[in-house]
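Take a look at the structure below.
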Amino acid sequence: MKLTLIGGGGVRAVLFTKSLTLKAEDAGITDLVLLDSDEEQLGIIAKLCRIVIERSGIALNLRATTDSREAISGADYIVTTVRVGKEHSRYIDERIALKHGVIGQETTGPAGFSMAIRTIPVLLDYCKLASELAPNAWIFNFSNPSGLVTQALRSAGYERVIGICDSPSHTKLRMAEALEIEPEELKVIFFGLNHLSWMTEAVYRGKDLLPELKNDASFTSRVDEFKMFDPDLLESLPYLPNEYLYYYYHRERAFANIMKSDMTRGQMIAENNKEMLDVLRGMDIDSYPEEAIQTYLYYTQKREASYMAIETNSTSKAVPEKLELPNSLGYAGVMLDFVDSLRTGRETNIVLSVPNEGAIEGFADDDVVEISCTITKDGATPVQIGSVPEEMGLLMKNVKLFERLTVEAVRHRSRDLAIKALAVHPLVNSYSLAKALADDYLEAYRDILGEWT
């Protein structure tokens, strides 16, 4: 079976490949194709991926190409990880938002809007190509903002698109670690939207631990995803929040911390990745594979160690001297678990972005939500959540309206709809701010977006 990674020249492709080697044989995947428009960077990343595959000892054929038709033709599975405008665009998105006094996180609020309006048209073209060249392929979207982009692709009629994110699975792993239990023994239930979700259950040996865990500061302080929140907030909430809700529940803190920092997260990542690629570009990777892998891991760990450190005003974690490629599965694991259930019929529980289909009251069947799903050979079925607390439902509705309007703005290339979309987002909530933001983003990316009217 053939798996195509769109955006295969991205720095995370190496970790994706490592994860794939852990389950490729079980999933029946024999061919991995890396597709990217940046031929030079793709060549560097492909060399690292080949080292990873060779060290794994599995039979996995790797190809790298800039030819979209070649990459997609006959694919059984397609994973999308594109960043239109590359890393520097993330910094631009952040700075425009901050200039107007609004948080500029790349998946949340106006910066997420900017990334979405660049990403959606590109992925729609890839989906159209897939419908011609690989009509039976499942498409797993990891491109941010994942839920919004998945909504756009689903709304365009591409029914075999699934939104994936590794945030819920990472949260479960760190909870299990804090509880000193095996992750397989812990069953968690999520509902919401991508990067705007809550955990309703954490079941261990038949008992739901969540009511006591969320009120236990000694526990939440040991889990990265929870320790950023005020313990009083966690006690007041019925459920545990996804870490990206920090931007809503502690909006002024996040904004103040970003503003007083020497650089934004996007700027740090752009500089980190540039430095890494410059070093790798000057190396003989084929002759010194271990040195190349260690260089890659150093910069990757440096990036991960600073995750949300700026926004929460916390210290970045230390980077170990000797680094190893992780045996964790990340977002590749989410995709591979889905594939395993499709092939074997083995039932699994995975958090995905899929159409609501009646799972959460008050939302349309075709609203893409992030929710725990039961996966079988027939695909994903969201768990039944039913009614949700009013304050959570209202926040979801506002952000879903923003998503829907953003999709329509892209479809019609409409400045007016772009302004409406931003105006209803809870982190903007102002027509005049929305107008200024929309105009700045449309101007900044005129060469990519063209004219909107």
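The values are calculated or read from the model by the stated rules, or taken from the named source; none is laboratory data. Bear in mind the structure is a predicted one, so any value in this text is a computation, not a measurement. Every residue, glycine as well, gets a Cβ built from its backbone with ideal geometry; the counts of neighbours run over all protein chains shown. The area values use the complete protein model at the heavy-atom level, side chains included, leaving out ligands, DNA and RNA. Shrake-Rupley method; radii C 1.70, N 1.55, O 1.52, S 1.80 Å.
Quick one: Karplus J couplings for region 375-380, per residue in order, coefficients 6.51, -1.76, 1.60, θ = phi - 60°, nearest Hz, x for Gly and Pro?
10, 9, 5, 8, x, 9
Averaged per residue, what accessible area in Å² does region 1-85 show with a 1.4 Å probe, protein chains only? It would help to have the intermediate numbers written out before the result.
Working: 3080 Å² over 85 residues.
Accessible surface, normalised per residue, equals 36 Å².
Would you mind computing, in nm to one decimal, how far apart the modelled labels at SER261 and ASP67 are, each placed 7 Å from Cα along Cα→Cβ?
About 4.2 nm, to one decimal.
Grab the beta carbon distance between LYS274 and TYR249, set R0 = 30 Å, and tell me the FRET efficiency rounded to 0.05. All intermediate terms of the calculation are to be shown ahead of the outcome.
Values: r = 33 Å, r/R0 = 1.11.
Efficiency, from the Cβ-Cβ distance: 0.35.
Under a point spin-label approximation (7 Å from Cα along Cα-to-Cβ), what is the HIS100-GLU443 distance to one decimal in nm?
1.2 nm
Measure off, as a whole percent, the carbon and sulfur share of the 1.4 Å-probe accessible area of the chain, all protein chains present. Don't skip to the answer; put the middle values down first.
Numbers: 8870 of 18840 Å².
Exposed carbon and sulfur together represent 47 percent of the surface.
Please give the peptides 302-308, 150-156 ranked by average Cβ packing (other Cβ atoms within 10 Å per residue), highest first, as a rough proxy for protection.
Values: 302-308: 16.6, 150-156: 24.3.
Ranked by mean Cβ neighbours within 10 Å, highest first: 150-156, 302-308.
With θ set to phi - 60°, apply the Karplus curve 6.51 cos²θ - 1.76 cosθ + 1.60 along region 176-190 and write out the HN-Hα couplings as whole Hz, x wherever there is a Gly or Pro.
4, 4, 5, 7, 6, 10, 6, x, 5, 7, 10, 10, 10, 10, 10
Between ASN136 and ASN429, what FRET efficiency follows from the Cβ-Cβ distance if R0 is 60 Å, with the result rounded to 0.05? Kindly include the intermediate steps, with their values, before the conclusion.
Working: r = 43 Å, r/R0 = 0.72.
It comes out at approximately 0.90.
Can you give the Rg/Rh ratio of region 109-186, where Rg is from the C-alpha atoms and Rh is the Kirkwood radius? Spell out each step's value before the answer.
Numbers: Rg = 16.2 Å, Rh = 14.2 Å.
Checking Rg against Rh, the ratio lands at 1.14.
Taking the simple approach of a point 7 Å from Cα along Cα-to-Cβ for both GLU451 and ASP232, what is their distance in nm?
A separation of 5.5 nm, rounded to one decimal place.
For the chain, what are Rg and Dmax over the alpha carbons, in angstrom?
Considering the chain through its Cα atoms, Rg and Dmax are 21.0, 60 Å.
How do the peptides 174-186, 94-106 rank, highest first, by the average count of neighbouring beta carbon atoms within 10 Å per residue? Write down the numbers at each step before the final one.
Numbers: 174-186: 14.8, 94-106: 20.8.
In decreasing order of mean packing, 174-186, 94-106 become 94-106, 174-186.
At q = 0.08, 0.09, 0.19 Å⁻¹, what log₁₀ I(q)/I(0) does region 125-280 have when each alpha carbon counts as one equal point scatterer in the Debye sum?
-0.34, -0.42, -1.16
Nothing charged except the Cβ atoms of Lys and Arg (+1) and of Asp and Glu (-1): what's the magnitude of the dipole of region 106-186 about its Cα centre? Round to the nearest 20 debye.
Working: 6 positive and 10 negative charges, 104 e Å.
With only Lys, Arg, Asp and Glu charged at Cβ, the dipole is about 500 debye.
Kindly work out what percent of the DSSP beta bridges joining two residues of the chain are antiparallel, to the nearest 5. Please list the in-between numbers first.
Numbers: 27 of 49 bridges.
DSSP beta bridges in the chain are roughly 55 percent antiparallel.
For ARG281, what is the net charge nearby, where nearby means another residue's Cβ is under 12 Å from its Cβ and Lys, Arg count +1, Asp, Glu -1?
Values: positive: LYS47, LYS274; negative: GLU40, GLU275, ASP278, ASP284.
With Lys, Arg at +1 and Asp, Glu at -1, the neighbours total -2.
Tell me what the chain gives for mean residue ellipticity at 222 nm when only DSSP H runs of n ≥ 4 count, each as -39,500 (n - 2.57), the sum divided by the residue total, rounded to 500 deg cm²/dmol. Before the final figure, lay out the partial values.
Numbers: 21 runs with 235 residues, N = 453.
The helix contribution divided over the chain gives -16000 deg cm²/dmol.
Go ahead and run the numbers for FRET between ARG281 and GLU361, Cβ-Cβ distance against an R0 of 35 Å, rounding to 0.05. Don't skip to the answer; put the middle values down first.
Details: r = 53 Å, r/R0 = 1.52.
So, using R0 = 35 Å, E works out to roughly 0.05.
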